[in-house]
Every structure is written in structure tokens, then in C-alpha cells.
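Asker: Quick one: this structure, given as C-alpha cells, is what I'll be asking you about.
The values are calculated or read from the model by the stated rules, or taken from the named source; none is laboratory data. As the structure is a computational prediction, the values presented were derived from the model and not from experiment. As a convention, Cβ positions derive from the backbone with ideal geometry for all residues, glycine included, and neighbour counts pool all protein chains shown. Surface accessibility is based on the protein's heavy atoms, side chains included, excluding ligands, DNA and RNA. Shrake-Rupley method; radii C 1.70, N 1.55, O 1.52, S 1.80 Å.
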Amino acid sequence: MNKNRTTHAMAGVLMVVFIMAFLIVTGRFLYIQASGEVDGVSLDEWAKKVRTTAYTLDAERGKIYDKNGMMLAYDMPTFRMYAIVDEAYSENLEEPQHVVDPVETADKLAPLLNADRDYLLERLNNGLSNEKAKQIEFGTIGKGISIQTKEEIDALKLPGINFVRENIRYYPNGMFASHIIGFARETNPEDDEEAEAEIEGVAGIEREMNELLKGKNGFISYQRDIYNKKLLKPNEIIQLPDNGDDVYLTIDQKIQTLLEDVLSQVDEKYAPERMTAIVMNPKTGEIIAMSNRPSYNPNNPANVKNWYNDAISTPFEPGSTIKMFTWAAAIESGVYKGSDSYKSGQYQISNNITPVKDFNGGKGWGVISYDEGFARSSNVAASKLVWEIMGPETFLEYLKAFDFDKPSGIDLPGEVTGQILYNWPLEKITTSFGQGSTATPIQIMKAATAIANDGKMVQPYVIDKIVDPDTGTIIENHETTVVGEPISKETAQQVRELLVSAVQSEHATGSRFHLDDYSVGGKTGTAQIPNPDQPGYLTGNENYVFSFLGMAPADDPELMMYVSVKQPTLEFESGVEPGSAPVSFIFNNVMENALHYLNIDPDRGESTNDVKASEIPNVVGKSVSSVKETLTKIGVNYTVVGSGNKVVGISVEEGTKVLPNERVLILTDHPTMPDILGWSLRDVLKLSEMMELETEPLGNGFVITQSIEPGSDLSKGAYLGVELKTPKELKEMEVKGDESSEAEETEAEESADSFE
């Protein structure tokens with residue numbers, strides 16, 4: 001009886017437990033059915049997520065063009081290679097999906113990637129031996145692979161080798177206006193490792209206009225079954241990407257190319273510490289060309305010696321180019337009489353103040369007029385104008401009217417403003433001839449537009465317009481902005497006459513800055529460099545910043561150019577070479593050719609426009625001999641690619657104007673590899689584009705080695721590797737080579753002595 005009662009009691013307990021469990025489960029189901037949620041997760045949303053597949057539609061980053069539509073930066077599709085090393089990927093499959101034979105794989109990949117076979121094999125073996133590894137990558141060797149190379153690797157049908165498409169930002173002209181264009185690179189958000197990589201602007205216009213350039217990605221989503229097939233009613237959603245806007249610069253590719261080439265020549269010959277050059281339209285404020293040395297290749301910004309755009313970011317004591325504003329202030333204030341005379345040589349306002357000396361050691365030129373003092377670049381004349389004739393406070397007002405106390409407002413990142421040092425009497429005097437106070441080249445150029453433009457000072461700019469690439473609509477069009485009128489039209493004309501005297505008169509310090517067909521007005525500058533180790537300035541014939549600001553035609557300037565060269569290596573064999581030699585070489589070459597190229601009428605001498613800017617005729621289909629004769633006659637610098645008798649292509653379009661320094665490539669019906677030693681990267685890329693070569697440049701500057709022997713047959717798609725060195729690097733190599741030779745000779749002599 002007791003046993004039965006116990007059994008019935010246990011059965012009752014179990015019944016109660018079962019009923020409670022049933023009620024809990026049933027209640028849970030009823031709750032889920034009513035609420036549609038489990039642990040706060042919507043089942044409807046979860047089901048949609050499981051059934052829905054989605055992927056991103058990448059927006060194309062906007063392109064950067066020059067003023068005439070020449071492409072300077074764009075997204076180039078490339079591929080990143082990876083290898084699957086986990087055998088699980090091949091389970092139950094007829095064809096293996098992972099790397100089966102690492103030796104064969106490395107052997108076949110190495111020549112196509114121009115990579116070290118042992119490196120590839122090591123990477124593969126490390127991946128295969130790592131039980132946790134699913135797939136591996138190959139570092140920089142496996143990135144940036146062209147579509148042609150990818151197709152060649154695909155044809156090998158190597159198990160486990162796969163590719164991911166990714167865009168890279170490409171700059172077809174290499175080291176061209178790099179401090180203006182800047183560069184963009186792929187970045188991952190630091191706080192989200194799973195986030196997709198984006199191309200972000202790092203410097204220059206790429207950084208300044210990053211938000212407009214990068215656009216907005218789109219996406220596509222749809223519902224699928226368990227076999228990943230789209231449902232009949234997939235609830236498909238497509239959000240098209242909003243491509244980035246295109247940016248057109250005021251830069252003229254032809255003039256910028258000429259400037260880059262001339263700077264490279266000066267860099268090679270004089271090896272200066274720094275160089276800066278700006279070409280501007282003074283009537284509009286458009287920057288037509290701008291470059292610095294050292295520079296860099298934005299396609300491979302490694303070992304960069306100078307990130308700064310010195311034209312806008314490096315203030316320095318400008319020297320005598322400031323005198324044009326000193327004289328302008330004196331004239332505008334109504335106190336200047338150019339025929340009045342003064343005693344040149346030295347000037348001291350009190351016994352406690354260091355005397356100011358003229359640049360010829362304080363000897364001066366006796367009693368001369370203030371007009372002659374400007375032509376001779378007299379420091380004493382500038383000092384007396386400020387201290388005695390118009391007064392320091394009046395001069396300070398004009399310095400501020402010329403905006404030397406504020407940034408130029410140019411549409412580039414990283415602008416730094418100079419400083420007006422004007423606290424003590426000596427500082428007020430030295431500022432009159434460009435010492436003590438600092439300014440950037442772009443500040444000086446902006447101020448000088450008032451002189452070139454009849455008193456109207458305009459804001460410099462490099463962005464011409466912004467265009468919607470899908471519709472062609474101009475979103476923003478830059479217009480000239482007058483930011484001040486520090487002087488009158490009459491004063492501007494008088495200062496321009498003084499600038500002409502500083503170049504063309506018998507006393508001119510700027511007599512080297514002479515153009516064949518155009519009158520030039522301008523002012524030289526020889527700025528001292530502060531000594532970093534002790535108070536005072538560096539000494540020596542080379543320890544200066546030599547500069548020149550010039551405008552032409554002088555009566556009504558259409559172009560204005562500033563050039564500065566810091567610490568060039570001058571020649572001493574036959575006397576001391578003047579510091580203005582490298583500066584004038586840059587100015588004269590670029591200005592003369594640029595004025596002709598822009599079809600600006602000469603105002604002196606006969607026009608040589610047919611030689612200065614040559615128009616390419618129709619040459620395709622004609623004989624090589626006749627084309628060579630034609631191009632020689634019109635002064636074109638050309639290189640024939642091949643040994644054929646018929647021209648099948650040319651590197652520039654018919655009707656295009658080319659400048660003397662620009663290399664034109666003529667492709668014959670039997671192309672062979674030319675000797676490209678000494679070529680710039682820009683010229684190498686022209687050849688690469690014509691022959692669709694897979695070109696891999698290493699370094700910057702000029703070609704010193706080429707992988708294809710000159711005279712070899714050249715076929716489309718061939719691989720061309722080139723090594724480049726800057727002029728400075730070449731000089732350093734020569735010095736090391738000389739030192740090595742001397743060391744070897746010394747060692748040989750010591751050995752001989754020992755033997756004796």
C-alpha cells in the first residue's frame with residue numbers, strides 16, 4: 001500500500017512538472033508568435049537577413065584634369081592575389097580549390113610577377129604548415145596586378161590562386177605637379193577591421209577636395225534560397241553609386257611639363273637644396289604651373305624628402321624682390337621723387353643701430369637717384385624711403401594692404417603665412433629690403449598682381465571648375481576675385497617702368513633675365529639664410545636663396561613668374577658664377593616658350609612662334625624619312641621607335657602644340673626598343689601607353705637602367721622595368737664612386753709599399 005501511494009505521488013509530481021513545462025513551452029511559442037521576437041531579435045528581420053544577400057557597388061573616385069582636359073589622376077583597376085591553403089575548401093569537389101603543389105605554383109608565378117621564386121615558395125609553405133591559416137597574401141608583390149597579368153596567371157589554372165579586384169589611384173605623369181595634385185591611397189578605418197577599404201586623399205588637391213572626389217558607394221540586395229539562387233519575388237533593392245565629381249585645375253599640362261623638365265635640368269647641374277617656381281596669370285589669379293624640388297612620384301610616395309609645397313608652406317626672408325612693394329608704397333603715398341638723389345653705400349640711423357650696407361660691400365655708387373637705386377637694388381635707398389621719406393608706419397600700412405599679414409587664400413591645403421617682423425627700428429628698416437620679415441612665394445605673387453594688374457590685387461587659385469561626371473554639369477566654376485586695391489593704376493604703371501629698368505637699364509641687376517621676343521619687368525632677390533647654429537646668417541657665395549619675380553610683356557603683363565633657388569652648387573673654375581644663373585635659366589626658358597605657346601603677341605623682335613610652339617602635322621601612314629624631315633624643320637624633339645619605314649603612330653594627336661623640351665615618339669611598323677637611358681618617367685610612360693607595355697618604375701628622376709635591351713623587338717604587352725635616379729642621387733653616387741676609387745688607389749699604393 002505504501003509503495004502504491006509513493007508511486008501515485010511521484011506520478012502526480014511528474015504530471016505537474018510535465019504540465020508546467022508544457023505550459024512554459026506553449027506560452028513561449030505563443031509569445032514568440034505574438035511578438036515575433038526571440039531574445040530581443042525580430043524573427044522577421046532575422047529571416048530577411050538570412051534570405052537576403054547584399055554587396056556594395058563602389059563609387060568611382062572623381063578624376064583630376066588640367067585646364068585643357070588632360071587627365072592627371074584617375075582610378076585604375078588592378079587585382080590583389082591571394083592563395084587558399086586550407087584543404088577544407090576542396091572537400092567533396094572534383095577540382096581542388098586550395099594550393100596542392102607549392103613548388104609548381106611558385107615556379108610558375110615568379111616570372112609573371114617578376115618576383116623571387118623562393119619568397120613565394122616560403123609564403124606558400126608557411127601557410128600550408130599553419131593549421132589555422134585559411135588563405136594567405138603575398139605583400140606588395142601580390143598587389144597592383146594588371147588585368148593582363150591576371151589573365152596570364154588564370155590561364156595557368158593553378159589551384160588555390162585567386163584574385164580580388166581593387167582600384168588604385170594612378171597618376172599617369174609621375175612626378176608632375178605632385179605638390180599640387182597630391183596623392184590618395186587605400187586606407188582602413190582604425191576602429192573597424194571589417195570595414196571595407198577606401199581611397200582617401202592624403203595631400204594636395206586629393207586631400208583638399210576629398211569629399212567631392214570620393215563620391216558615395218551604392219549597394220544591391222535581393223532575397224535568395226538556400227542554393228543562393230534569386231527568388232522569383234526577390235524584393236530586389238538597387239542603390240546606384242554616386243560617383244565622385246571631377247576636378248579641373250588651372251594648370252596647363254604643356255607649361256607644367258616644360259617647368260618640370262627645366263627644373264630637373266637645373267637640379268642635375270646645380271644640385272640646389274631647394275627650388276620653387278610659380279607661373280601665374282596676374283589678371284585672373286590662375287596658377288598655370290607650380291613646382292618644387294625636391295619633389296616625389298605620387299604613384300610611389302616612398303622616401304619623400306620634402307612633403308611640403310614650399311610655394312605656399314615655407315616662409316623665408318625673401319630679399320630684394322620686396323623692394324618693388326617698398327617703392328610702390330612710397331609712390332602711392334605721394335612722397336616719392338625718383339630723380340631725387342641720395343648717398344649710396346651705407347646708412348645708419350643711430351650709433352646703436354647696425355648700419356645698412358649696399359650689396360657691394362657697402363661701397364655704393366656715390367650719389368645717385370632713387371630710380372637708379374631701384375635698378376641697382378640698393379638697400380640704402382629702400383631704408384631711407386621707409387625711415388626718412390614715407391615713415392615706418394606708412395610702410396607698415398601698405399605691407400598690410402598688400403596682404404603680407406595674412407594667407408593668400410589659395411585653394412590648396414597646408415598654407416603657412418609669413419610674419420612681418422616690425423618691433424624695433426632695425427627690423428623696420430631691414431623689412432624694406434626683404435630681411436627679417438618673412439613671406440611665402442605665393443604671398444609675394446599675390447601682392448605683385450596689383451602691380452601687374454593696374455592696382456587690382458587678385459586671389460590666386462588652382463581649381464578651375466568642378467564637374468558632375470555623369471551629366472557633364474558644371475557644379476562650380478571659379479571666377480576671378482579681386483581682394484584689394486593697394487595702389488592706383490598710375491602707381492602700378494610707374495612701378496612696372498621701374499621693374500623694366502631693373503632688367504634692361506645699364507645699371508640693371510636683372511640683366512640676365514632677358515627674353516628674345518618679349519619685354520620683361522622684374523626684380524631679383526638674394527636672400528640671406530639664417531644660421532641654425534648661431535645668431536646671424538650663413539656666409540659664402542652659395543649660401544643664399546637666389547630669386548626673381550618677373551612679368552611679361554612688361555607694358556601689359558599676361559604672365560608672371562616667380563623662381564627661387566636655394567644654395568645651388570655654383571661653378572668656380574673661371575671666376576664665381578652668379579647665383580642668378582640657375583634662376584635665369586629657369587625663368588627665361590619657361591617664360592619665353594610659355595608666352596609663345598599661349599599665342600601672346602611679341603612686343604619686341606621678330607616672332608619665332610613657329611619654333612617655340614610647334615603644331616604636330618598629320619604623319620600617320622607616311623614614310624619615316626619624310627616625317628623626320630618635317631618634324632626637324634619645325635623644331636620638334638622626336639624619337640623614332642623602331643626600324644620600320646612607315647609611321648603607324650605618334651605620341652601626340654594631330655594639331656597638338658608641343659614645346660621644344662617635349663619628346664615626341666614616332667612609332668614605326670617594325671617597333672624596336674629605343675635606348676631610354678636619361679629619359680624622364682613621363683617619356684617612359686608615353687612609350688608604355690603607345691605599346692601597351694607593363695611598365696614597373698623603380699625610383700624617381702631619370703632612367704639609369706632598362707630591362708629590355710635597346711634594339712630588341714618590341715611587342716605589345718611586354719614587361720619593361722626601369723630604374724630611375726634623381727640628379728642629386730646621381731651626384732651622390734658619383735661622389736661615392738670617386739671616394740671608392742681613391743680608397744682603392746690608396747690601398748693599392750700601401751700594398752705596393754708593403755711589398756717593396
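Asker: Label-point separation (nm) for Glu490 and Glu689, each offset 7 Å from Cα along Cα-to-Cβ?
Answerer: 5.3
Asker: What is the sum of charges around Ile168, taking Lys and Arg as +1, Asp and Glu as -1, for the other residues whose C-beta is under 12 Å from the C-beta of Ile168?
Answerer: +3
Asker: Shape call for segment 93-169 from the C-alpha gyration tensor, a ≥ b ≥ c root eigenvalues: rounded (a/c under 1.5), prolate (a/b greater than b/c) or oblate?
Answerer: Verdict is rounded for segment 93-169.
Asker: What angle do you read, to the nearest 10 degrees and between 0 and 90, between the alpha-carbon axis of helix 624-633 and the longest principal axis of the chain?
Answerer: Roughly 40 degrees, rounded to the nearest 10.
Asker: Turning to a different aspect of this structure: With all protein chains present and a 1.4 Å probe, how do Arg512, Arg274, Arg80, Arg165 order by accessible area, largest first?
Answerer: Arg165, Arg512, Arg274, Arg80
Asker: Let me ask something else about it. Taking a probe of 1.4 Å, how large is the accessible area per residue of the chain, in Å²?
Answerer: In whole numbers, the chain has 50 Å² accessible per residue.
Asker: Rounding to the nearest 10 and keeping the result within 0 to 90°, find how far the Cα-based axis of helix 727-755 lies from the longest principal axis of the chain.
Answerer: Approximately 90 degrees, to the nearest 10.
Asker: Can I ask one more? Please report the spacing between the Cα centers of segment 476-537 and segment 661-704 in Å, no decimals.
Answerer: The two parts, judged by their Cα centres, are 39 Å apart.
Asker: Keeping the other protein chains in place, figure out the carbon and sulfur percent of the accessible area of the chain, with a 1.4 Å probe.
Answerer: That fraction is 49 percent.
Asker: Please label the shape of segment 253-355 as rounded, prolate or oblate, based on the square roots a ≥ b ≥ c of the eigenvalues of the alpha-carbon gyration tensor (a/c under 1.5 means rounded; beyond that, a/b larger than b/c means prolate, else oblate).
Answerer: Prolate shape, in that a/c is at least 1.5 and a/b is the bigger ratio.
Asker: Using packing as a proxy for protection, rank 319-328, 170-179 so that the peptide with the highest average count of other Cβ atoms within 10 Å comes first.
Answerer: 319-328, 170-179
Asker: Now a separate question. With a ≥ b ≥ c the root eigenvalues of the C-alpha gyration tensor of segment 432-495, is it rounded (a/c under 1.5), prolate (a/b larger than b/c) or oblate?
Answerer: oblate
Asker: Residues with beta-carbon under 9 Å from that of Ala59, excluding Ala59: net charge, scoring Lys, Arg +1 and Asp, Glu -1?
Answerer: Within the 9 Å Cβ shell, the charges total 0.
Asker: Per the helix-only calculation at 222 nm, which mean residue ellipticity applies to the chain, given -39500 (n - 2.57) for every DSSP H run of n ≥ 4 and division by its residues, nearest 500 deg cm²/dmol?
Answerer: -10500 deg cm²/dmol
Asker: Follow-up question, since we're still on this one. If you find the alpha carbon centre of segment 442-464 and of segment 312-379, how far apart are they in angstrom?
Answerer: When both Cα centres are located, 24 Å separates them.
Asker: Here is a further query. How many nm separate the modelled label positions at Lys305 and Ser350, each set 7 Å beyond the Cα in the direction of the Cβ?
Answerer: Each label point lies 7 Å from its Cα, and together they span 4.6 nm.
Asker: Can you give the angle from 0 to 90° between the axis of helix 253-270 and the longest principal axis of the chain, with both taken from C-alpha atoms, to the nearest 10?
Answerer: 70
Asker: Tell me which label goes with the value of semi-axes √(5λ) of the Cα gyration tensor in Å computed from the coordinates here: (1) 59, 38, 22; (2) 64, 37, 28; (3) 91, 25, 23.
Answerer: The value computed from this structure is option (2).
Asker: If you add up the charges near Gly721, with Lys and Arg at +1 and Asp and Glu at -1, over every other residue whose beta carbon is less than 11 angstrom from its beta carbon, what do you get?
Answerer: Summing Lys and Arg as +1 and Asp and Glu as -1 gives -3.
Asker: Still on this structure: Report, in listed order, any pair from Lys283/Lys400; Lys283/Lys633; Lys343/Lys566; Lys254/Lys523 with a Cα-Cα distance greater than 24 Å.
Answerer: With Cα atoms farther than 24 Å apart: Lys283/Lys633; Lys343/Lys566; Lys254/Lys523.
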